[in-house]
Amino acid sequence: MKLPPPVICALALSSSLPEAAPVGNYPSLPSKVFSTYTPRKPESYAPGAMASQAQSFLKSLEKNLRQQASLPYDSPEKAKWTNVPPRGPQGGVRLGDLNEKQMKEACDLLAAVLSPQGYGKVRNIPLADDRLLRNGQRRPGFGAEDYWLAIFGEPSATGKWALQFDGHHLAVNLTFQGKRMSMSPTFIGTQPRAFQLGKNRMIVPMAGEAPAGLALLQSLDEKQKKQAQVGDRRKNLVTAAGRDGFVPEPLGLASKSLNATQRTALLALLGEYVGDLPGPFAQQRLTELTAEIDRMNFAWWGPARKGGDFSYRLQGPSLIIEYAGQDLGGDPHNHLHSMYRDPTNEYGARLAK
């Protein structure tokens, strides 16, 4: 079964570091590069090509930055990610400490290990975070300059290695072993929901997660909707930062009751999350999840309408997806959180099996 087409987005912690000078009309150099640089299009998503791009990024760094960016594969730093700023000092290299060439190498690396959909999110979410700065001045833990990139182990076409890109509203954990790849756990959020980049470009970093969840709910018949709706008010995520290994009780509608049209809607929802992986790996993961549909549950909290203040959870034997608006900031539609986990494959636990 082919991966359904994603909703296309527009292209999208340290408390002791010195203030960074604005760069032209941008609050920082990472903001400028994310806003203006188009990364090299990957020739392929072959394991060797991804590993080669990771090596190229590391080689672009001077010794002290390379030591920060390159960590042992089994470093405990992997599990220390959080979306609560500021967190520093932390493992990995801070984007604000990179020069322009190195920052472009970082973009090339992220584009090499994620799909265009996935790269759009990891580019646009830090740019959204710039809108939380105060008068464009550095605010530790916020803004594109306060995102961090770490590589665990030796990038290799056959061996096991990992990459983490994290900061406020992002924690992408990728693990590689040959032709297999894991993206668990990955936290994706944004505030604000949308922002203007330049004069005529409106960016929506998380354009599809809410509509795809609502489309699945609205595809259900009345009896199924009653089973799926487990609460009248939106709930927060229960598997976010600090919850590695936690598996909540499955709630809501058992997906084995879905008809063909409803299963198509469920696959489209999966595509909003799994589709952040490069094409071959997304297809591989979708094949796994398609075999689990009859053992999934779909739960919904809040109003069942467009613009409603809702949350949802899709859960199966090797899947937990959550989505919820947040109260902080006043408007839950303007501050969004989501979570993707494979509880059987956290940080690539089963890749070598």
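The values are calculated or read from the model by the stated rules, or taken from the named source; none is laboratory data. Because the structure is a prediction, the values reported are computed rather than measured. Reconstructed Cβ throughout: ideal geometry from the backbone, glycine too, with neighbour counts over all protein chains shown. Side chains are part of the model used for accessible areas, which takes the heavy atoms of the whole protein and leaves out ligands, DNA and RNA. Shrake-Rupley method; radii C 1.70, N 1.55, O 1.52, S 1.80 Å.
Tell me the residue from Leu216, Leu267, Leu258 that is in contact with a strand residue (DSSP E or B) (Cβ under 8 Å, 6 or more places away or on another chain) and among the aliphatic types (A, V, I, L, M), please. Spell out how you get there, then give the answer.
Working: Leu267 fails: in contact with a strand residue (DSSP E or B) (Cβ under 8 Å, 6 or more places away or on another chain); Leu258 fails: in contact with a strand residue (DSSP E or B) (Cβ under 8 Å, 6 or more places away or on another chain).
Exactly one of Leu216, Leu267, Leu258 is in contact with a strand residue (DSSP E or B) (Cβ under 8 Å, 6 or more places away or on another chain) and among the aliphatic types (A, V, I, L, M), namely Leu216.
Tell me, please, whether a residue that is open to solvent by less than 30 Å² (accessible area, probe 1.4 Å), among the basic types (Lys, Arg) and modelled with pLDDT of 95 or more can be found in the stretch 279-286.
Yes, because at least one residue in the stretch 279-286 is open to solvent by less than 30 Å² (accessible area, probe 1.4 Å), among the basic types (Lys, Arg) and modelled with pLDDT of 95 or more.
Restricting to the stretch 246-294, give me the number of residues that are charged (D, E, K, R) and in contact with a Lys or Arg (Cβ under 9 Å, 6 or more places away or on another chain).
Number satisfying all stated conditions: 3.
Taking the criterion of being closer than 19 Å to Gly120 by Cα and at pLDDT 95 or above, would at least one residue in the stretch 88-99 satisfy it?
yes
Taking the condition within 23 Å of Ala162 (Cβ to Cβ), part of a helix (DSSP H, G or I) and either at pLDDT below 95 or open to solvent by 10 Å² or more (accessible area, probe 1.4 Å) (or both), does Arg66 pass?
Against the criterion (within 23 Å of Ala162 (Cβ to Cβ), part of a helix (DSSP H, G or I) and either at pLDDT below 95 or open to solvent by 10 Å² or more (accessible area, probe 1.4 Å) (or both)), Arg66 qualifies.
Would you point out which residue out of Phe142, Phe152, Phe187, Phe165 is open to solvent by 10 Å² or more (accessible area, probe 1.4 Å) and aromatic (Phe, Trp, Tyr)? Outline the logic, then answer.
On the way: Phe152 fails: open to solvent by 10 Å² or more (accessible area, probe 1.4 Å); Phe187 fails: open to solvent by 10 Å² or more (accessible area, probe 1.4 Å); Phe165 fails: open to solvent by 10 Å² or more (accessible area, probe 1.4 Å).
Only one candidate qualifies: Phe142.
Evaluate the following for Gly330: is it over 14 Å from Ala210 (Cβ atoms) and either open to solvent by 50 Å² or more (accessible area, probe 1.4 Å) or not acidic (Asp, Glu) (or both)?
yes
Yes or no: Pro211 buried (at least 23 other Cβ atoms within 10 Å of the Cβ) and under 18 Å from the mean Cα position of the chain (by Cα)?
It is false that Pro211 is buried (at least 23 other Cβ atoms within 10 Å of the Cβ) and under 18 Å from the mean Cα position of the chain (by Cα).
Being surrounded by fewer than 18 Cβ atoms within 10 Å (Cβ to Cβ) and of a type in the set (D, E, K, R) narrows it down to one residue among Arg201, Arg193; which is it?
Only one candidate passes the filter, namely Arg201.
Output the strands (runs of 3 or more DSSP E) that fall wholly within the stretch 122-207 and possess 3 or more residues being at pLDDT 95 or above, or say none.
Once the strands (runs of 3 or more DSSP E) in the stretch 122-207 are filtered for at least 3 residues that are at pLDDT 95 or above, what remains is 148-152, 160-167, 170-177, 180-182, 186-190.
Residue check, Phe281 against (1) within 21 Å of the chain's Cα centre (by Cα); (2) assigned to a helix (DSSP H, G or I); (3) closer than 20 Å to Gln227 by Cβ, all met but one. Which one?
Only one criterion in (1) within 21 Å of the chain's Cα centre (by Cα); (2) assigned to a helix (DSSP H, G or I); (3) closer than 20 Å to Gln227 by Cβ is unmet by Phe281, namely (3).
For the stretch 300-312, enumerate the residues that are within 22 Å of the chain's Cα centre (by Cα) and surrounded by fewer than 22 Cβ atoms within 10 Å (Cβ to Cβ).
Across the stretch 300-312, the qualifying residue is only Asp309.
Looking at the stretch 231-278, which of its residues are farther than 27 Å from Lys121 by Cα, part of a loop (DSSP other than H, G, I, E, B) and open to solvent by less than 40 Å² (accessible area, probe 1.4 Å)?
Result: Gly252, Leu258.
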